[in-house]
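What follows is a short report on a single structure.
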Amino acid sequence: MAQRVETSLEEGDSDEMPELCDSGDDAAWEDDEGARAEVRCLFCERVDCSAAETFVHCKSQHRFDVCAAVREHGLDTYGYIKLINYIRSTGCSAESLENVREPLPWEKDEFLMPVIKDDALLQFDVDDVDVCMDVSRDESSEGARSACTHCRRAESRAQAAEAKLALALEDLHKMRQLARDFVMTADVGRGSSSSGAVADLDEDEDSVYFSSYGHFGIHEEMLKDAVRTENYRDFIYRNPHIFKDKVVLDVGCGTAILSMFAARAGAKRVIGVDQSDIIYQAMDVIRLNKLEDTVILIKGRIEEVELPVEKVDVIISEWMGYFLLFESMLDSVLVAKRRFLGAGGSVYPDRYTLSLVAVSDEAKHSQKIAFWENVYDFDMSCMKRSVLPEAVVESVTPETVISHPSDIMVIDSQTVAIEDLDFACDFSLPVTRDALCTALCGYFDVFFAEGCDPPVSFSTGPSAPRTHWKQTVFFLEKPVPVKAGQALKGKISVRKNRKDPRSLLIALSLNNTTQTYTLQ
């Protein structure tokens with residue numbers, strides 16, 4: 001994650017910058033005149049003594065001309081700052097910036113936040129970039145050094161104000177998100193139609209979601225999930241007849257790992273679509289593996305992009321979220337199916353089951369729920385109203401499972417519609433031993449079956465090898481005693497949150513009690 005510059009907005013902060021003024025008095029800055037800032041390169045670990053030297057180094061060694069980029073894209077001060085922070089935060093290569101087109105990947109306000117504290121490259125007036133480049137060619141000139149020193153002083157003043165502005169924008173974003181989360185809780189219990197809700201979100205409304213997938217960390221976690229990645233690989237490599245000479249669409253392609261599997265399996269053309277900024281690194285990966293003649297990557301929302309082909313033969317996607325439906329990415333896959341899948345085409349995975357089991361873990365329940373009943377001899381049980389509604393994503397040990405599972409939903413990719421994804425059903429959990437039921441646990445299974453020889457499947461259940469999805473746990477306020485042979489019966493309803501269609505509202509009725517949970 002990008003390192004945050006700790007600059008306080010409070011008055012009287014001991015780290016307060018010298019007051020800005022128009023008097024031209026540079027006395028407040030003279031103490032630093034003898035010390036030249038260390039400037040780190042944008043693409044390697046080289047450290048120079050001035051921004052000008054770094055610009056020259058980037059141009060000569062990495063073939064990235066900062067001045068040319070500023071001129072080509074018409075960047076103002078804020079655009080320049082975003083460019084520098086984008087490069088530092090994403091670790092992109094110089095080559096990936098060569099053919100960048102609108103919309104620019106660094107346009108979001110999140111890139112106003114410095115990645116390196118007191119980054120000297122940010123303390124630079126974009127209007128003087130060309131001047132500084134000229135000056136850097138003759139650093140031996142005393143007049144040149146004086147000009148650079150004057151520039152650095154002025155730029156430091158400006159950057160002090162800009163850093164505070166960036167923090168203020170971040171605080172404003174946090175306040176907006178807090179207000180949004182507060183309003184979302186008011187949606188519990190209200191009816192709403194969510195058909196097409198995710199497709200109707202505009203880019204600004206959905207920017208937080210896509211931004212979360214712009215950092216490499218989340219993709220590293222998914223790639224290291226061997227259950228997930230190896231089963232997709234095995235399905236594709238063991239069934240080359242599905243992909244041979246076909247046009248394949250990879251929805252939400254991320255690092256393009258599925259696209260590359262499909263290309264290796266003999267696909268004629270693979271088109272990967274993703275709205276997050278990770279796609280720029282994916283483009284580098286495709287070139288590095290010499291697959292650019294087969295794999296085409298497109299940045300954008302699948303609901304809006306146009307493909308270079310009218311129809312595709314196969315759609316693949318790893319869209320599943322926690323409790324299967326969290327994030328509502330299946331909506332986007334179904335839109336892609338409607339827009340682009342040709343007659344006789346297939347969507348993979350093609351089948352999913354969402355299941356519940358009963359759990360008995362009194363120690364975990366005590367830590368999570370009963371804890372609030374006596375906190376240092378104080379009754380804080382009212383806190384349960386805030387704790388209980390939050391579904392918990394964690395790994396459930398098989399020893400705590402006390403029932404056989406019950407499937408609460410079966411999804412067929414070929415027939416399911418978006419409106420089917422809000423549902424309600426009864427369930428019955430056959431209890432396997434006498435215990436105290438403290439929670440219900442949700443998980444899902446994934447199947448590659450239609451036309452597959454052999455079929456491939458994997459599970460995210462408590463007894464299966466661990467995945468990054470783990471399981472979703474719904475704690476009960478009051479545990480329910482059960483006996484072996486008994487059927488624990490209840491009802492569950494699942495639907496998108498009207499205020500945030502990528503999150504879920506889940507109502508569980510059990511033992512004459514109904515509790516509503518959120519997954520967000």
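Side notes on the structure shown:
- Qualifying residue in the stretch 326-333 (condition: more than 24 Å from residue 221 (Cβ to Cβ) and not aromatic (Phe, Trp, Tyr)): no
- Test result for residue 96, at pLDDT 80 or above, surrounded by 15 or more Cβ atoms within 10 Å (Cβ to Cβ) and not assigned by TED's automatic domain parsing to the domain that holds residue 284: yes
- For the stretch 333-377, the candidate set comprises residues that are among the basic types (Lys, Arg) and modelled with pLDDT of 95 or more; within that set, the residue that is surrounded by the fewest Cβ atoms within 10 Å (Cβ to Cβ) is 338.
- Near pairs, Cβ below 7 angstrom, 6+ apart or cross-chain, from the stretch 450-468 (surrounded by 15 or more Cβ atoms within 10 Å (Cβ to Cβ)) to any residue that is assigned to a loop (DSSP other than H, G, I, E, B) and aromatic (Phe, Trp, Tyr): 460/469
- Pairs are defined by a Cβ separation below 7 Å, a sequence spacing of at least 6 or placement on different chains, a first member in the stretch 231-246 that is closer than 18 Å to residue 309 by Cβ, and a second member that is basic (Lys, Arg); the pairs so defined are 245/268; 246/268.
- Qualifying residue in the stretch 325-333 (condition: outside the structural domain of residue 458 (by TED's automatic domain parsing), in contact with a strand residue (DSSP E or B) (Cβ under 7 Å, 6 or more places away or on another chain) and closer than 14 Å to residue 248 by Cβ): yes
- The set of residues from the stretch 395-453 being farther than 29 Å from residue 251 by Cα, among the polar types (S, T, N, Q) and not in a strand (DSSP E or B) comprises 397, 400, 432.
- Of all residues making up the stretch 387-446, the number that are surrounded by 22 or more Cβ atoms within 10 Å (Cβ to Cβ) and either basic (Lys, Arg) or over 28 Å from residue 228 (Cα atoms) (or both): 3
- Of the criteria (1) over 30 Å from residue 303 (Cβ atoms); (2) in contact (Cβ under 8 Å) with a residue 60 or more places away in the chain; (3) not in a strand (DSSP E or B), which one residue 385 fails: (2)
- Flag if residue 285 is buried (at least 22 other Cβ atoms within 10 Å of the Cβ), modelled with pLDDT of 90 or more and under 25 Å from residue 106 (Cβ atoms): no
- Flag for residue 501 being touching a strand residue (DSSP E or B) at 6+ places or on another chain (Cβ under 8 Å), farther than 30 Å from residue 240 by Cα and either in contact (Cβ under 8 Å) with a residue 60 or more places away in the chain or part of a strand (DSSP E or B) (or both): no
- Of the residues in the stretch 402-423, at least one is within 29 Å of the chain's Cα centre (by Cα), under 23 Å from residue 345 (Cα atoms), acidic (Asp, Glu) and modelled with pLDDT of 95 or more.
- Unmet requirement for residue 471, which otherwise passes all of (1) over 23 Å from residue 508 (Cβ atoms); (2) touching a Pro at 6+ places or on another chain (Cβ under 8 Å); (3) surrounded by 18 or more Cβ atoms within 10 Å (Cβ to Cβ): (1)
- Checked against the criterion of being modelled with pLDDT of 90 or more and not in a loop (DSSP other than H, G, I, E, B), the candidates 464, 484, 507 yield just one match: 507.
- Test: residue 300 is closer than 22 Å to residue 452 by Cβ and either in contact with a strand residue (DSSP E or B) (Cβ under 8 Å, 6 or more places away or on another chain) or not acidic (Asp, Glu) (or both): no
- Residue check, residue 358 assigned by TED's automatic domain parsing to the domain that holds residue 479 and either of a type in the set (Gly, Ala, Ser) or closer than 25 Å to residue 408 by Cα (or both): yes
- Restricting the stretch 81-109 to residues that are of a type in the set (Asp, Glu) and out of contact with any Asp or Glu (no Cβ under 8 Å at 6 or more places or on another chain), the residue that is farthest from residue 59 (Cα to Cα): 109
The values are calculated or read from the model by the stated rules, or taken from the named source; none is laboratory data. As the structure is a prediction and not an experimental result, all values here were calculated from the model. Here the Cβ is made from the backbone with ideal geometry for all residues, glycine too, and neighbour counts use every protein chain on show.
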